[in-house]
Number of protein chains: 4
Amino acid sequence: MFSKFLSLDSEKQDRIINAAIKEFAQKGYDNASTNEMVKEAGISKGLLFHYFKNKKQLFLFLFDYCYSLVADEFYKKVDLTEPDFFKRIRQSVHIKMDLQTKYPDILTFIQEAFMQDSPEIKDEFDKKKLELNAINIGIIYDGIDLSKFRDDVDVQKILKVISWTFEKMSDEELHKAKMVPGHKIDYEKVFLEAEEYFELFIKCFYK
Amino acid sequence: MFSKFLSLDSEKQDRIINAAIKEFAQKGYDNASTNEMVKEAGISKGLLFHYFKNKKQLFLFLFDYCYSLVADEFYKKVDLTEPDFFKRIRQSVHIKMDLQTKYPDILTFIQEAFMQDSPEIKDEFDKKKLELNAINIGIIYDGIDLSKFRDDVDVQKILKVISWTFEKMSDEELHKAKMVPGHKIDYEKVFLEAEEYFELFIKCFYK
Amino acid sequence: MFSKFLSLDSEKQDRIINAAIKEFAQKGYDNASTNEMVKEAGISKGLLFHYFKNKKQLFLFLFDYCYSLVADEFYKKVDLTEPDFFKRIRQSVHIKMDLQTKYPDILTFIQEAFMQDSPEIKDEFDKKKLELNAINIGIIYDGIDLSKFRDDVDVQKILKVISWTFEKMSDEELHKAKMVPGHKIDYEKVFLEAEEYFELFIKCFYK
Amino acid sequence: MFSKFLSLDSEKQDRIINAAIKEFAQKGYDNASTNEMVKEAGISKGLLFHYFKNKKQLFLFLFDYCYSLVADEFYKKVDLTEPDFFKRIRQSVHIKMDLQTKYPDILTFIQEAFMQDSPEIKDEFDKKKLELNAINIGIIYDGIDLSKFRDDVDVQKILKVISWTFEKMSDEELHKAKMVPGHKIDYEKVFLEAEEYFELFIKCFYK
DNA sequence: CATGAATGAGCCTTCATTCAT
DNA sequence: TATGAATGAAGGCTCATTCAT
């Protein structure tokens, strides 16, 4: 599908990818302008469509590209032999924040992508989201030592509550960051807040 | 401001409101087409702007309208004298689901509205969101008996975890519903699932 | 034609006329908004069209109204028994400037009207301009003592040169005034400049 | 700025320019319709804006284009070594009339452009007018032998009177031409009339 | 492989004018 | 006489996409 694009020299690939990600991340799917992308990437209008056929395919390609890139780094860094759920999730939070710092545009793009539901891309994109979710939960919970959790409640539910908590925490922080232009996330503070939730969960959910 | 519109016979008001809500809910602020709205409502192009001046005002009006409608019903039904947090939140979940059944489009619209961040409406709309949030938290947590919660952890954090859990539960359900066209939420099942989380929280977070 | 309007009580007539003149004067024929007029005059949309049928008729009516008003005042003040051309033209200049101060909106409206040539009103309006010109020249030159002018040139041409000079002078001044927002015409200076041209003409064109 | 447009084959350039000039000349800036222009030029909606970005830039481009074209021809034909003011101005009048015959639309456009004062283009356009005026007066009066004029009056004022006279003459002729559809200017007659004014001025303003 | 001119549907909004009340 | 809701054409402009070169 995108073989033509992938056989380009990688410098040009990068220029195009970065320009497109930036535009999508800043303006969302519908308002992103292919014009701006080609201008920023220094290529011609026609070429973009030569490689990607249309905006939708470009978006879907970028999403796969970004997701792979981020997921690869993530799974490279995460220690799947760590059996303690809280240590694992703490790792995840830290890695996620590292990635945020390392690839801010890409992370923003993924985030925006997950919030998108322009009718144009809805069908194909929702499938992707579902897949990813299924994969993630499986992998992340893999090898976790569940014996430390209380026996009187459903452990699966506890895990969900914990995951949701950190997702919401991160959402809130991102949201605040978007609200105040120029506002940067204070990672120090977020780490500390996360630690407090860890303690709470250990007290309440461990035996 | 919208007095012209509000003094219309309510059948026409409804036609316009429903058409506009539907369009905004399906496509988001930027991509919603006023053309489609008037076509669906069976009115002329000019008339919409006779009532609302521009797209932004229309959106803001609809949000207030929807929010008021839903909030009114909500506060009419919620029992603010119930001091037990879990009973209160259980109420909320039930009421919310009733509303979902009664006004599916409106709930979707509000949901989408909260996710919107088109630059066009950002400023005015973010203010609204903040206000609503502040009011809601205040009212919903009002009169809650906090003495039942464990003393060894921060109660505020517990409350957050609980709220987030039910928000996420509801999000997931909504999301699944949107994914499969024609799929209806099985409230019976959702209630039961919610109950399981209530039990979990009572066991873990109460003294 | 406008009898319905003219039998209104004069206070309402004035409100309508003033509102309409102001709008036309400020924005020109095409950009003047009948909406603004009715808002300013405090009457309903329909009523304006009840009296004037359409924008064009309103404009034409206003032009006649303004022109009559100004012309009446002009001919009331001008001394047609003064046989000296320069004294006569000096009078004209002074009277014109008085009117400018007394009815600034009306004079602006007439001025703008003469510059208008929106295709909408062109045909009917050009006829009016021609008529007025014919009348004016006739009346103003009426009773002038031509014997003071040199015999070796065509007096009619001299009169034209003189008229044109003062018209251009006035045009230039108006133009400057429009160029610099808030700039007011310095009548003192204009009078003095006009006097210098009078002297020049007397020296060159009188025997 | 307009390089895209200028590298078009000239046949298409001309079609677009002519269509746009015609529309602007007939209806003025505000009422000229870009829709009509593209229809007349036989190009698509988008293309016009591909070349010119917006209506204002198009107008400004056309003005420069027209002015350059006309000014070039003018200065090519005018003999700046002729020291006699009347001979010089006679030349100007003749050249202007030639241009009028050769490029009637363009001259009308320039004429209309100078009368325009839509707020949209006011600022940028007024600057242009001022510049042009300054340049013109300088060049046209350059090298004129002022010693032939009477010493008892201000020569600068005489020059103004003379310029104004021929401008007004030309305005009146144009105006008459516009009034009667299909009426062509009788240059023969105009030349003769101009000659009579020359004689008058020589008699009255030369020593 | 690469260009960018060309397309035309679609966008939101304004407007003079009509007409039922 | 008086209202203002209702109309719908027209306005400038943007955009993803195509195609001849």
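The values are calculated or read from the model by the stated rules, or taken from the named source; none is laboratory data. All values derive from a computational prediction rather than experimental measurement. A quick note on method: Cβ atoms are made from the backbone with ideal geometry, for glycine too, and the neighbour counts reach across all protein chains shown. For accessibility, only protein heavy atoms count, side chains too; no ligands or nucleic acids. Shrake-Rupley method; radii C 1.70, N 1.55, O 1.52, S 1.80 Å.
What you get for the range B:56-205, charging only the Cβ of Lys and Arg (+1) and of Asp and Glu (-1), is a dipole of about 80 debye around the Cα centre.
Of the solvent-accessible surface of the range D:34-176, computed with a 1.4 Å probe and all protein chains present, 54% belongs to carbon and sulfur. For the range C:63-81, the residues whose backbone nitrogen is under 17 Å from a point 7 Å from the Cα of C:ASP145, taken along Cα to Cβ, are C:79-81.
Taking θ as phi - 60° and the Karplus parameters 6.51, -1.76 and 1.60, the scalar couplings of the range D:59-65 work out to 4, 4, 4, 4, 4, 4, 4 Hz in sequence order, x denoting glycine and proline. Buried surface for the C/D pair, taken as the accessible area of each chain alone minus that of the pair with a 1.4 Å probe, is close to 3300 Å² in total. Residues considered: C:VAL38, C:VAL78, C:VAL161. Largest GNM mean-square fluctuation over chain C, using C-alpha springs under 10 Å, is found at C:VAL161. Mean partner shielding of peptide A:36-46, defined as the number of other chain Cβ atoms within 10 Å of each residue Cβ, is 0. For the residue pairs A:LYS160/B:LYS160; D:LYS77/D:LYS127; C:LYS189/D:LYS148, alpha carbon separations beyond 19 Å are given by D:LYS77/D:LYS127; C:LYS189/D:LYS148. Taking 45 Å as R0, compute the FRET efficiency from the Cβ-Cβ separation of B:LEU80 and A:TYR206 and round it to 0.05. Here the calculated transfer efficiency is 0.80. Each Cα pair under 8 Å and six or more residues apart adds its sequence gap; the mean of these over the residue count of the range B:56-205 is a relative contact order of 29 percent. Averaged over the residues of peptide C:192-199, the number of Cβ atoms from other protein chains lying within 10 Å of each residue's Cβ is 2. Where chain D is rotated onto chain A, the residue of D whose Cβ comes nearest the axis, and that gap in whole Å, is D:GLY46, 3. Taking every residue in D:20-30 and counting other chain Cβ atoms within 10 Å of its Cβ, the average works out to 2. With a 10 Å cut-off between alpha carbons and a GNM built on chain C, which of C:ASP30, C:ASP154, C:ASP105 moves the most? Highest fluctuation of the listed residues: C:ASP154. Computed from backbone phi, the HN-Hα couplings of the range B:89-98 come to 6, 4, 3, 4, 4, 5, 4, 4, 5, 4 Hz, rounded to whole numbers (Karplus: 6.51 cos²θ - 1.76 cosθ + 1.60, θ = phi - 60°; Gly and Pro given as x). The Cβ shell under 9 Å around D:MET169 holds other residues with a net charge of -3, Lys and Arg each +1, Asp and Glu each -1. Applying a 4.7 Å Cβ-Cβ cutoff to the protein assembly as shown, the cysteines left without a disulfide-compatible partner are A:CYS66, B:CYS66, C:CYS66, D:CYS66. Computed from the Cβ-Cβ distance with R0 of 25 Å, the FRET efficiency linking B:ASP14 to A:LYS127 stands at 0.10. Accessible area per residue for the protein assembly as shown is 51 Å², calculated with a 1.4 Å probe on protein heavy atoms, without ligands, DNA or RNA. The residues neighbouring A:PHE2, those whose beta-carbon lies less than 12 Å from its own, together hold a net charge of +1 under the Lys/Arg +1, Asp/Glu -1 convention. Computed from Cα positions, the angle between helix B:10-31 and the longest principal axis of chain B comes to roughly 80 degrees.
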